[in-house]
Amino acid sequence: MLLPILYAVSTLDALAFALVITTINPYAFSLGGTQFYLGVLGSLAALINLFWNPIVGSLSDSLGRKKILLLCLAFVFVGNLLATLFSSLTVLFISRILSTFGTQIAILIKSLLDDKIKTKETKMAAIYRMQAIGGIAFISGALIGGHLSEHANGFRITFALISTMVAVNFALICLIPDVHTTEKKAVPTLQIATELKNAAANLTKVNWPKYWDLFTMKLIVDFVMNVMQFNLGLILQQRFGVSGKLFGYVFAIASVVSIATSLAMSKAQKSLYKNDISGLQRLKHGFLLLMLACLGLGLSPNVILFCLFLMPTSVTRVLFESTFTEIILARASPQEKGSIMGTFETTLSLGGLTAPLISGIVSDFWGEMYCILMCAVPLVLGTGLIYLQKSKTQ
């Protein structure tokens, strides 16, 4: 019963995420928002996640995945309900900040999956299947969000849909039994304040010499992805004049590529990467492909070439997500998996915190296209780190 529920929750979460991605920028601009407004919102959300992600991971180890997942869903529901009922930049800002406390939903779902399924092959097959189903949901969300953004009251209808999906997810999670780790770190009756202190203290216990290379590589990937996410929509809409409806179609096509990649990864891991026990070969290919995509995107003279080079980013996103998850779960002990997964999610927050600031400076001097081109620099450094780590394992 657990797997079907987690598939359903993951699907609705991906659908809601796609609706937000295709809606938030045009909605903010329609209310009088600016790029500075979106930059401040993105940076503040990333700053919150920087501290909240590892705390959620640690709390999920001690209090249980189910309780923390329900808490995250409650934050997202309240945030989107506010955006449904009221239309203003202030309310939108509060709404998105509240929803920030629910960005760990996907990682908590994977932790639940890891707790329940013990064999590596079955576990990775479930993750790939979840990614493929999520890709279909993302396509639907992108198309729906793109069309609704061009209609009267479309934005409020979008947030109402998201609120409904979050409520359904809350009900579904209530149906599953809680899953605890084999070694509890704290007594569940402890006060939340004490738990938060324990969560922060757990970060100092992380064996950083064991994880520093993964942390560095994931930080580079998340920084690049954040820069691209912050700038790609603006480039499509402002440089190439892509409308909200066409914007949704672009993301839908990218999602098709993600689905195909998710389905192919399971077979590729058994053939092309059957000897890639460490996962470094997959990471190397991902870094090289993403580097090529950044160079192509930054140098594209028209929207057709731009969209073509956008497709490899969907491939690398799936490749990185599944590979990093596999490596981290393989290295972490059962009692520290939640803490480690939560800590590694802070790289996404660090990327989100710095990406808007650096992108703003670069775009003011040279333009948004150079923001994409500059991403090649950290990717070169990440590729060098992979070669260094591979030489140590050989």
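No value in this document is a laboratory result; all are computed from the given coordinates. Nothing here was measured: the structure is a model prediction, and the numbers come from that model. So basically every Cβ, Gly included, is an ideal-geometry build from the backbone, and we count neighbours across all protein chains shown.
Quick look at the values:
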read-out	value
The stretch 2-393, relative contact order in percent, only Cα pairs under 8 angstrom and at least six apart counted	30
Candidates Q35, Q131, Q104: whichever shows maximal mean-square fluctuation once the chain is modelled as a Gaussian network with Cα springs under 10 Å	Q35
Nonlocal amide H pairs with V242, under 5 Å, H built at 1.01 Å	Q237
Paramagnetic reach from L263 (point 7 Å along Cα→Cβ, amide N under 17 Å) across the stretch 128-169	128-140
Proximal charge balance of Q131 [Cβ under 10 Å; K/R count +1, D/E count -1]	+1
Which labelled figure in [x] 0.98; [y] 1.16; [z] 0.94 is Rg/Rh (Cα atoms, Kirkwood Rh), once derived from the coordinates	[z]
Links that overshoot a 23 Å alpha carbon limit, given the list K218/K390; K110/K245; K66/K118; K116/K274; K218/K245; K116/K390	K110/K245; K116/K274; K218/K245; K116/K390
Long-range HN-HN contacts of C375 with modeled amide H, under 5 Å	none
³J(HN,Hα), Karplus 6.51/-1.76/1.60, whole Hz, each residue of the stretch 217-223, x for Gly, Pro	5, 5, 4, 5, 4, 5, 5
Phi-based couplings in Hz for the stretch 83-98 (Karplus 6.51, -1.76, 1.60; Gly and Pro marked x)	5, 6, 7, 10, 10, 7, 5, 5, 5, 4, 4, 4, 4, 5, 5, 4
Sorted by Cβ density within 10 Å, fewest first, the residues L373, L308	L308, L373
Expected 222 nm ellipticity per residue - DSSP helices of 4 or more, -39500 (n - 2.57), all of the chain, to 500	-28000 deg cm²/dmol
Given charges at Cβ of Lys, Arg, Asp, Glu: the stretch 97-153 dipole, positive-most of M130, A152, L112	L112
Karplus-derived HN-Hα couplings along the stretch 56-71 (A = 6.51, B = -1.76, C = 1.60, θ = phi - 60°), whole Hz, x at Gly and Pro	4, x, 5, 5, 5, 5, 8, 9, x, 5, 4, 4, 6, 5, 5, 5
The stretch 1-110: chymotrypsin sites (Phe, Trp or Tyr not before Pro) in DSSP loop, at most 15 other beta carbons within 10 Å	F86
